[in-house]
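Novice: Before I ask anything, let me first share the structure, which is written out below as structure tokens.
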Amino acid sequence: MPDPRYAVAAVLVTAAVTWGLRALPFAALTPLRASRTVRYLSARMPAGVMVILLAYCLRDLSFTQASSLAPLIALAVTVGLHLWRRNALLSILGGTAVHVILASTVFAH
């Protein structure tokens, strides 16, 4: 029968490594919080990330197939919800729900 101390030690080491890896970014970023560059990036990056995600999601879209309407309709719903409510979570969830529903029912092959 295996020694239970080995299992306890393994769990403790795993917990310590996990905690350290999760705490390390916060400890490393603490001195950077006063940086003008970090403040600038925190203000500009959300829009930049969204543009990159948009380009990534639509890069292989074929406009000759009817199934391409699902992501385009979902994109329109996402933008419309965001302009209406200015709530990123609602926009993302709403657009995702519309895409999943359309892709799995209306435009399913």
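Novice: Pick from V100, V106: which is open to solvent by 70 Å² or more (accessible area, probe 1.4 Å), touching a Leu at 6+ places or on another chain (Cβ under 9 Å) and either among the acidic types (D, E) or at pLDDT 90 or above (or both)?
Specialist: V106
Novice: Let me ask you something else. Of a type in the set (D, E, K, R), modelled with pLDDT of 90 or more and surrounded by fewer than 10 Cβ atoms within 10 Å (Cβ to Cβ): does that describe R22?
Specialist: yes
Novice: Further question: Take the conditions without any contact (Cβ under 8 Å) to a residue 24 or more places away in the chain, surrounded by 13 or more Cβ atoms within 10 Å (Cβ to Cβ), assigned to a helix (DSSP H, G or I) and touching a Leu at 6+ places or on another chain (Cβ under 7 Å) and apply them to L81. Does it pass?
Specialist: So L81 fits the description; yes.
Novice: Looking at (1) in a helix (DSSP H, G or I); (2) under 22 Å from A97 (Cβ atoms), can you tell me which one T18 breaks?
Specialist: Answer for T18: the failing condition is (2).
Novice: Suppose the filter is more than 18 Å from the chain's Cα centre (by Cα), open to solvent by less than 60 Å² (accessible area, probe 1.4 Å) and among the aliphatic types (A, V, I, L, M); does L72 pass it?
Specialist: For L72, the condition - more than 18 Å from the chain's Cα centre (by Cα), open to solvent by less than 60 Å² (accessible area, probe 1.4 Å) and among the aliphatic types (A, V, I, L, M) - is met.
Yes/no matrix, rows are residues, columns are (1) basic (K, R); (2) assigned to a helix (DSSP H, G or I); (3) touching a residue at least 60 places away in the same chain (Cβ under 8 Å):
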residue	(1), (2), (3)
Y6	no, yes, no
L12	no, yes, no
R22	yes, yes, no
P46	no, yes, no
M50	no, yes, no
V77	no, yes, no
H109	no, no, no
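Novice: Applying the selection to region 25-69, what residues are open to solvent by less than 90 Å² (accessible area, probe 1.4 Å) and under 30 Å from A108 (Cα atoms)?
Specialist: Selection gives V49, L53, L54, A55, L58, L61, S62, A66, S67, S68, L69.
The values are calculated or read from the model by the stated rules, or taken from the named source; none is laboratory data. These numbers come from a predicted model, not from an experiment. Quick reminder, even Gly has a Cβ in these numbers, built from the backbone with ideal geometry, and neighbours come from all protein chains shown. Protein only, heavy atoms only, side chains kept; ligands, DNA and RNA dropped before computing areas. Shrake-Rupley method; radii C 1.70, N 1.55, O 1.52, S 1.80 Å.
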